[in-house]
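Asker: Got a structure for you, questions after.
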Amino acid sequence: MNPLTNPTAQAVDNVLIYIFGFSLILLLGITAVTVYFVIRYRRSKCPEPTSQAHGHLGLEILWTVLPTLIVLTMFWYGWSNYLGLRQVPDNALEIKATARMWSWQFQYPDGRRESKLYVPVGTPIKVIMTSVDVLHSFFAPAFRVKRDTVPGMETYVWFTATEPGSYDIFCAEYCGTGHADMITTIEALNAEDYQQWSQPVVSAEPRGLTVLNEQGCTGCHSLDGSEGIAPSLFQLAGAERALVRGDRGEIIAIDSDYLHRAIRQPEIELVEGYDPMMPPYDEQTISEDDLQAVINYLMGTATAEPKPDARQLLEDNGCLGCHSTDGSLIVGPTFKGIGQRGVTLERDGKTVEIQVDADYLRRALLKPNEEIVQGFAPMMPAADYLSTAEIEALVEYLLTQ
Amino acid sequence: MKQTTLTGFWQESPRSGVLGWLLSTDHKRIGIMYLGCIITMFLVAVCLGLAIRLELIAPGPTIMGPQTYNATFTVHGVIMIFLFIIPSIPAAFGNLLLPIQIGARDVSFPRLNLLSWYFYISGALLAVIAIFSGGGAPDTGWTFYVPFSTQTTTNVNLAAFAAFMLGFSSILTGINFVTTIHRLRAQGMHWGRLPLFVWTLYATAWIQVLATPMLGITLVLVMLERIFGAGLFDAARGGDPILFQHLFWIYSHPAVYIMILPGMGVISEIIPTFSRKPLFGYWAMALSSLAIAFAGSLVWAHHMYASGMSDMAILIFSFLTFIVAIPSAIKIFNWISTLYKGSIQLAPPMLHALAFIFNFAIGGLGGLALGAAAADVHLHDTTFVVGHFHYTMFGGTGFAFFAALHYWLPKFTGRMYNHKIAMIAWALLFAGFNVTYMSMQAVGIQGMPRRYYDYIPDFQPLNMVATVGSWILAVGLILMFANLWRGCRSGRPVGQNPWGAATLEWQVPSPPPLENFGAEDPVVTKGPYEYQGVVADEY
Amino acid sequence: MSIEHRDDTGARFGMWLFLYTEVILFSGLFILYAVALSKFPQDYAVASHKLNVWFGGANTLVLLTSSLTIALAVSAIQMGRKKQCLTLCWVTIGLAIVFLINKFFEWSAEISHGIYPGSEQLAAMGPGVTSFFNLYYFTAGLHGLHVLIGASLIAVVAVMTAQDKVTPERYTLLENSALYWHLFDLVWIFLFPLYYLIL
Amino acid sequence: MTDDTHAPVPYRTFILIWLALLILTAITVAVSRVDLGALNVWVALGVASIKSSLVIFFFMHLRQESRLFKLGLLVMLMILAVFIGMTFLDVLYRGAM
Ligand code: HEA
Ligand code: HEA
Ligand code: CUA
Ligand SMILES: [Cu+2]
């Protein structure tokens, strides 16, 4: 190990050196004396013992009191330096961390989320942590800090990076299959780089990919087709999947609907051969927009071709013949405000009220006559001749109306 | 191989055949049955240990995937802890020796003793079934931490139930031993004449009685939680995951003293015998055993410094942890003083005993680093901890167990193994052991977390060394067991006292007869370590 | 064993040791209780009011009385009054059955209100109340299980007494079963105020 | 061994103890109706402890047993207190310091 100059590492190293140093002396002493006795008093040389001593009170006291004193100094040194690890300097930058199986997410005061911990050199960092599933532990060996993340509880560590560089963060509390892969890094940047990093970037990266990285999906899923603990997310669109739902198996072709379910409620269907360990992501964690971006990305629509123009589609396909965009009533319900409103539907002879969402819109486009908005006739043609990408574009567009 | 039949209790039994064993209430037969099962379980788990090391020889998956790896170390840990090391010395050698050493014909509750063996064997079977049934082998680690253990789909319920049964077996043994030591000492066997092995068993038995039930309830709660999903440890439903860790370690820390104390007892028998000199500081040794047992129940939360527990608790528990180290130090110094001006014979049991002192000192001193709050923050859940507990459990208790095998097997089989081979095996074990675990400690200090099936390339060299060390260890183990096995079957016959020891078991024939002592109950007139006038039988 | 070896004090001592283990077993649940009580004092009072003191109180009386009868049974056998001893044993078992029936009705009532471990309704009542009922069910359930075991034990010993295998000279078995029985009276003595009577 | 059996306890003693237990039960129930704040739990535990000592010493014959039994009980209670008490070192001080 290189000598480390950061304060937490020094606090810990001093204690380690003190205790290991003492231990080494004791160990060598004990071993030397033992070996000496064994050789000196071996039976071939000393056929009979030359002492029958049963004990010696003075000695007993000596080797009770001495070790007591030694260990008390160890205790005290260990404790006082531990306090240093707990007392966070006042000017510390607070960053929130969320651990989940098997990824980390760091959230900065300005709301930015990252799966790596970018920090400026020289500033004390306080990482306030929690977990959404099981226990994990934030362990940065270079800073000698470690603390478990506990669901339903906040814990923290603090450290200061004194040199720019990339330092490992391990998960040190066993958390299942991906435990050993729950690794990320602290990227300590010097002032200039940090400044640059903290500028909001207009990334060329598709939003979906950003979300995948931010949320740590890539901790379990590869994007390049290599299968690990979870199916790879490589080239999903249209691929066949054997699913298990309850006890029944079925084969489907992957579409956005399925992907949506697979992320919001992964426990419903399992990809055959995998354990039900994917956590559900609710809207607090991934907003509907972001999820849509992910789905688009996975379905290849985000990158493969330019996004279809939804307004154009509406016109080209004659939707606007029935649906207005200004609130007036033609044949069908208006598109104005459709993204935010609740609708009353007749489904299977029953009346239900729902909030419009992407899922509903997709159903409404592809199987329009299964659910009928109350007060309208079942006359909309199914838009199933549109490509998935086009449907998605429509849905996305409508949601923003 | 020439085979001759064994005599003594091997033959004398109210029933003959297999039933004569399965229904026997004779403490020696029960002890032998324990010994057989324990060694079998040990061999199974040791092979899993070898598999772990093979996987870790290089970064990336080598011989198994992550899930298999997790199951492997879990099963390795569970078997080693609950099926091997906790019952190893107390249940096997305790049963074989305790009654003879205090001059009794059997334990207080012989039938309960047999029942406790049945609990053990049922627990063992269930544990094995748990590996191959249901959702697959448990993958929680032997610590069963919630909430992971309540969520994983593997066969945790059965494994927990198996551990529960084993705990029950351990409790019954404890009750039996405490009562036996209080009630059945022979005439003249007052407390100041108890062999140290009995003292340590006594201290151990109290821990077994008073701490094990806590494990029982903890495991029951995990099972109930898995069945009912009540949220006992779920913060959103009024639970507290850290509280589980308290309950678990309230048992499992004292349990490490269940493991080590009887080992220390064995060493305290062997060192005086092969120095032909009374144990130095008899009362300090006896009382320090009780002190370890008592103080050992005050330090459990030193496993939880990083758990999010309060700093106040860390202060107190860290302090108490250092206090527990003192009685262990006292023991080390007294053993060494016993050597002083003795007449030391380096027979195989003695070699293992000396190795024990060395290994346990390393393990224990490493424990001091773990006990210091600041140092543990870095070392917690790294392979340094793995090194520490292999040093104490394997290097300590394991070597004490080997020492006990070499020391007492001739007594119970009436035959002697080959000393030369025993010494070669010892050397291999000792060297392999230290190479393996010293490297693990070192890589732990560098920051490699434990329970990692894969690691960053920086950790490769030391992991490789550790794996190679485990192969040396393997050779040593195979050699040792082979030699002992041959010795028991066809070794040279020995008289009743091959080592020239002074405790009571050496004053009965080898192998001892049913009921140990002929018609006359023994009357004890001197201490356990007075060797004047005791001569070793030739063999 | 071939040698007649008998040590009644040893047997009683062994029994006491076993009872210690039972106490520690229950203490795990009491630790959880104590911690939760200190965290949610208000919720615990609220939850406690949902339990019916009369059920609990009645069961307290039943158990105390059964403890009396089994203690008397031991005295009876010591004095050689086998008939009385048997009657007292059967009364004890009867009381155990009353206890369990009472418990059954109490639990049915709670469960019909949707209060049981893992129920949605319970979860809706907040963490404090949930933890109270979780612990209540597990503690009382474990206690009930032991009552069942204890009663069976007494039944076996009663039969042995009837067959003169337990005699005025040799009654340790009865004494030990009585000890076991008293312990679960003891546990209930703590359970009752802690679960039914917090304000 | 001479201490193997002890003299039978007269019925009357047991019945008196039983009455005492009933009275104490009535007392706990009554006291629980009065709001004493945090004291309530301690009063309840205090009464329960008195009741249990009665059961232990009389019903369970501990009074007649040798010192070993009493010592054993003491050890067990001490360990119990340690287990419960030291857990609170954590629980009570979380977030403090
Ligand atoms: C046989 C088993 C055994 C024994 C005897 C010990 C003995 C000790 N152990 Fe160990 N320990 C374990 C088995 C054992 N341990 C296991 C299994 C774990 C991990 C569990 C898990 O997480 O899976 C563990 C983990 C563990 C931790 C938690 C680490 C972590 O997870 O962060 C700690 C922390 O304090 C600790 C401390 C100690 C101490 C202080 C002793 C002391 O008793 C040691 C006393 C001995 C000596 C001090 C050495 C001998 C004396 C001398 C050489 C004389 C000179 C000495 C002085 C002057 C003091 N142990
Ligand atoms: C007494 C206890 C004991 C013993 C003796 C051992 C023995 C060994 N252990 Fe184990 N170990 C534990 C108790 C023990 N272990 C526990 C409690 C854990 C924690 C589990 C957890 O985290 O939950 C653990 C975890 C553990 C790990 C950490 C896993 C991880 O955190 O990722 C490792 C890694 O190297 C390991 C390795 C070994 C090795 C190489 C041996 C070697 O000593 C084995 C040496 C033997 C051989 C190399 C094979 C010899 C071969 C034969 C004798 C074959 C003969 C067979 C026939 C004839 C059929 N053990
Ligand atoms: Cu997360 Cu280990
Ligand atoms: Cu410990």
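Asker: Sort out which residues of the range B:469-525 are closer than 30 Å to B:Ile52 by Cα and either more than 26 Å from the chain's Cα centre (by Cα) or more than 16 Å from ligand 2 (Cβ to nearest atom) (or both), and write them in order of number.
Answerer: Those that are closer than 30 Å to B:Ile52 by Cα and either more than 26 Å from the chain's Cα centre (by Cα) or more than 16 Å from ligand 2 (Cβ to nearest atom) (or both): none in the range B:469-525.
Asker: Here's another thing I want to ask about it. For the range A:40-49, state whether one or more residues are more than 7 Å from every other protein chain (Cβ to nearest Cβ) and at pLDDT 90 or above.
Answerer: Yes; the residues of the range A:40-49 include at least one that is more than 7 Å from every other protein chain (Cβ to nearest Cβ) and at pLDDT 90 or above.
Asker: Select from the range B:25-67 the residues that are within 14 Å of another protein chain (Cβ to nearest Cβ), away from ligand 3 (no atom under 16 Å from the Cβ), in a helix (DSSP H, G or I) and under 23 Å from B:Leu462 (Cα atoms) and list them in ascending order.
Answerer: Once the filter is applied, which keeps residues that are within 14 Å of another protein chain (Cβ to nearest Cβ), away from ligand 3 (no atom under 16 Å from the Cβ), in a helix (DSSP H, G or I) and under 23 Å from B:Leu462 (Cα atoms), the range B:25-67 yields B:Ile52, B:Glu55.
Asker: Provide a single number: the residues in the range B:439-464 that are more than 10 Å from every other protein chain (Cβ to nearest Cβ) and surrounded by fewer than 17 Cβ atoms within 10 Å (Cβ to Cβ).
Answerer: Residues that pass the stated criteria total 4.
Asker: State whether one or more residues within the range B:272-289 are within 14 Å of ligand 4 (Cβ to nearest atom) and within 13 Å of chain A (Cβ to nearest Cβ). Explain how you work it out, then say what you get.
Answerer: Filtering the range B:272-289 for residues within 14 Å of ligand 4 (Cβ to nearest atom) gives none.
Checked against the condition, which is being within 14 Å of ligand 4 (Cβ to nearest atom) and within 13 Å of chain A (Cβ to nearest Cβ), the range B:272-289 yields no hits at all.
Asker: Answer yes if at least one residue in the range B:251-260 is surrounded by 24 or more Cβ atoms within 10 Å (Cβ to Cβ), at pLDDT 90 or above and away from ligand 1 (no atom under 11 Å from the Cβ), and no otherwise.
Answerer: Among the residues of the range B:251-260, at least one is surrounded by 24 or more Cβ atoms within 10 Å (Cβ to Cβ), at pLDDT 90 or above and away from ligand 1 (no atom under 11 Å from the Cβ), which makes the answer yes.
Asker: Looking at the structure I just gave you, is B:Ala124 surrounded by 22 or more Cβ atoms within 10 Å (Cβ to Cβ), at pLDDT below 95, over 21 Å from the mean Cα position of the chain (by Cα) and in a helix (DSSP H, G or I)?
Answerer: Numbers: surrounded by 22 or more Cβ atoms within 10 Å (Cβ to Cβ): yes; at pLDDT below 95: yes; over 21 Å from the mean Cα position of the chain (by Cα): no; in a helix (DSSP H, G or I): yes.
It is false that B:Ala124 is surrounded by 22 or more Cβ atoms within 10 Å (Cβ to Cβ), at pLDDT below 95, over 21 Å from the mean Cα position of the chain (by Cα) and in a helix (DSSP H, G or I).
Asker: Only residues that are surrounded by 18 or more Cβ atoms within 10 Å (Cβ to Cβ) and under 30 Å from B:Ala306 (Cβ atoms): list them for the range A:46-87, please.
Answerer: Within the range A:46-87, A:Pro67, A:Ile70, A:Val71, A:Met74, A:Phe75, A:Tyr77, A:Gly78, A:Trp79, A:Asn81, A:Tyr82, A:Leu85 qualify.
Asker: Check B:Phe73, B:Phe119 and return the single one that is under 26 Å from B:Phe402 (Cα atoms), touching a helix residue (DSSP H, G or I) at 6+ places or on another chain (Cβ under 7 Å), away from ligand 4 (no atom under 16 Å from the Cβ) and within 11 Å of chain A (Cβ to nearest Cβ). Write out each step before concluding.
Answerer: Numbers: B:Phe119 fails: within 11 Å of chain A (Cβ to nearest Cβ).
Every option except B:Phe73 fails the conditions.
This table checks each residue for (1) in contact with a Phe, Trp or Tyr (Cβ under 8 Å, 6 or more places away or on another chain); (2) not hydrophobic (A, V, I, L, M, F, W, C).
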| residue | (1), (2) |
| --- | --- |
| B:Phe360 | yes, no |
| B:Gly366 | yes, yes |
| B:Phe384 | no, no |
| B:Gly387 | yes, yes |
| B:Arg415 | no, yes |
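Asker: Which residue is nearest to the other protein chains (Cβ to nearest Cβ), if the candidates are limited to the range A:127-157 and must be away from ligand 1 (no atom under 16 Å from the Cβ), in a strand (DSSP E or B) and of a type outside the set (A, V, I, L, M, F, W, C)?
Answerer: A:Pro151
Asker: Give the residue, chosen from B:Gly134, B:Gly141, that is of a type in the set (Gly, Ala, Ser), within 16 Å of ligand 1 (Cβ to nearest atom), surrounded by fewer than 22 Cβ atoms within 10 Å (Cβ to Cβ) and on the phi > 0 side of the Ramachandran plot.
Answerer: So the residue among B:Gly134, B:Gly141 that is of a type in the set (Gly, Ala, Ser), within 16 Å of ligand 1 (Cβ to nearest atom), surrounded by fewer than 22 Cβ atoms within 10 Å (Cβ to Cβ) and on the phi > 0 side of the Ramachandran plot is B:Gly141.
Asker: State the number of residues belonging to the range B:252-271 that are within 15 Å of ligand 4 (Cβ to nearest atom) and of a type in the set (Val, Ile, Thr).
Answerer: 3
Asker: I would also like to ask the following. For A:Val121, which of the numbered conditions (1) at the interface with chain B (Cβ under 7 Å from one of its Cβ atoms); (2) surrounded by fewer than 19 Cβ atoms within 10 Å (Cβ to Cβ) fails to hold?
Answerer: Of the numbered conditions (1) at the interface with chain B (Cβ under 7 Å from one of its Cβ atoms); (2) surrounded by fewer than 19 Cβ atoms within 10 Å (Cβ to Cβ), the odd one out for A:Val121 is (1).
Results for (1) more than 14 Å from chain D (Cβ to nearest Cβ); (2) near ligand 1 (Cβ under 8 Å from one of its atoms); (3) basic (Lys, Arg), shown as yes or no for each residue.
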position	(1), (2), (3)
B:His302	no, yes, no
B:Tyr305	no, yes, no
B:Met312	no, no, no
B:Ser318	no, yes, no
B:Phe322	yes, yes, no
B:Ser328	yes, yes, no
B:Lys331	yes, yes, yes
B:Asn334	yes, no, no
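Asker: Please verify whether B:Leu184 is of a type outside the set (Gly, Ala, Ser) and out of contact with any Asp or Glu (no Cβ under 7 Å at 6 or more places or on another chain), treating the condition exactly as stated.
Answerer: Values: of a type outside the set (Gly, Ala, Ser): yes; out of contact with any Asp or Glu (no Cβ under 7 Å at 6 or more places or on another chain): yes.
Judged against the criteria, B:Leu184 is a match.
Asker: Still on this model: Out of the residues in the range A:1-37 meeting the condition of being without any contact (Cβ under 8 Å) to a residue 12 or more places away in the chain and in a loop (DSSP other than H, G, I, E, B), tell me which one is nearest to the other protein chains (Cβ to nearest Cβ).
Answerer: A:Met1
Asker: Moving to a separate point now. Examine the range B:320-339 for a residue that is in contact (Cβ under 8 Å) with a residue 12 or more places away in the chain and either in contact with a strand residue (DSSP E or B) (Cβ under 8 Å, 6 or more places away or on another chain) or within 16 Å of ligand 3 (Cβ to nearest atom) (or both), and state whether such a residue exists.
Answerer: The answer is no; no qualifying residue exists.
Asker: So C:Lys103 passes all but one of these: (1) over 14 Å from the mean Cα position of the chain (by Cα); (2) under 30 Å from D:Phe58 (Cα atoms). Which condition number does it fail?
Answerer: (1)
Asker: If you take the residues in the range A:308-327 that are acidic (Asp, Glu) and part of a helix (DSSP H, G or I), which one is farthest from A:Val373 (Cα to Cα)?
Answerer: If we take residues in the range A:308-327 being acidic (Asp, Glu) and part of a helix (DSSP H, G or I), then A:Asp316 is farthest from A:Val373 (Cα to Cα).
Asker: Next question. Looking only at the range A:158-168, which residues are within 11 Å of another protein chain (Cβ to nearest Cβ) and buried (at least 24 other Cβ atoms within 10 Å of the Cβ)?
Answerer: Result: no residue meets the conditions.
Asker: For the range A:96-112, how many residues meet the condition of being among the hydrophobic types (A, V, I, L, M, F, W, C) and either part of a strand (DSSP E or B) or within 16 Å of ligand 1 (Cβ to nearest atom) (or both)?
Answerer: 4
Asker: Does B:Ile357 fit the bill of being more than 16 Å from ligand 2 (Cβ to nearest atom), more than 8 Å from every other protein chain (Cβ to nearest Cβ) and among the β-branched types (Val, Ile, Thr)? Lay out the reasoning, then the answer.
Answerer: Numbers: more than 16 Å from ligand 2 (Cβ to nearest atom): yes; more than 8 Å from every other protein chain (Cβ to nearest Cβ): no; among the β-branched types (Val, Ile, Thr): yes.
No.
Asker: Now a separate question. Given the criteria assigned by TED's automatic domain parsing to the domain that holds A:Val150 and either in a helix (DSSP H, G or I) or not hydrophobic (A, V, I, L, M, F, W, C) (or both), does A:Thr64 qualify?
Answerer: Answer is no for this residue.
Asker: Right, something else. Criterion first (assigned by TED's automatic domain parsing to the domain that holds A:Val127, surrounded by 19 or more Cβ atoms within 10 Å (Cβ to Cβ), under 23 Å from A:Pro109 (Cβ atoms) and away from ligand 1 (no atom under 16 Å from the Cβ)) does A:Ala180 satisfy it? Break it down into steps so the answer makes sense when it comes.
Answerer: On the way: assigned by TED's automatic domain parsing to the domain that holds A:Val127: yes; surrounded by 19 or more Cβ atoms within 10 Å (Cβ to Cβ): yes; under 23 Å from A:Pro109 (Cβ atoms): no; away from ligand 1 (no atom under 16 Å from the Cβ): yes.
Considered against the rule, which asks whether it is assigned by TED's automatic domain parsing to the domain that holds A:Val127, surrounded by 19 or more Cβ atoms within 10 Å (Cβ to Cβ), under 23 Å from A:Pro109 (Cβ atoms) and away from ligand 1 (no atom under 16 Å from the Cβ), A:Ala180 comes out as no.
Asker: Those residues that are modelled with pLDDT of 80 or more and surrounded by 12 or more Cβ atoms within 10 Å (Cβ to Cβ), I need them from the range A:317-336; list them, please.
Answerer: Result: A:His323, A:Ser324, A:Thr325, A:Pro333, A:Thr334, A:Phe335, A:Lys336.
Asker: Looking only at the range A:99-118, count how many residues are of a type in the set (Lys, Arg), more than 14 Å from A:Met129 (Cβ to Cβ) and either within 16 Å of ligand 4 (Cβ to nearest atom) or within 14 Å of chain B (Cβ to nearest Cβ) (or both). Break it down into steps so the answer makes sense when it comes.
Answerer: First, the residues of the range A:99-118 that are of a type in the set (Lys, Arg): A:100, A:112-113, A:116.
Pick out the ones that are also more than 14 Å from A:Met129 (Cβ to Cβ) and you get A:112-113, A:116.
Those left that are additionally either within 16 Å of ligand 4 (Cβ to nearest atom) or within 14 Å of chain B (Cβ to nearest Cβ) (or both): none.
Looking only at that region, the number is 0.
The values are calculated or read from the model by the stated rules, or taken from the named source; none is laboratory data. Please read all numbers here as calculations on a predicted model, not as lab measurements. Glycine gets a Cβ as well: all are built from the backbone with ideal geometry, and neighbour counts include every protein chain shown.
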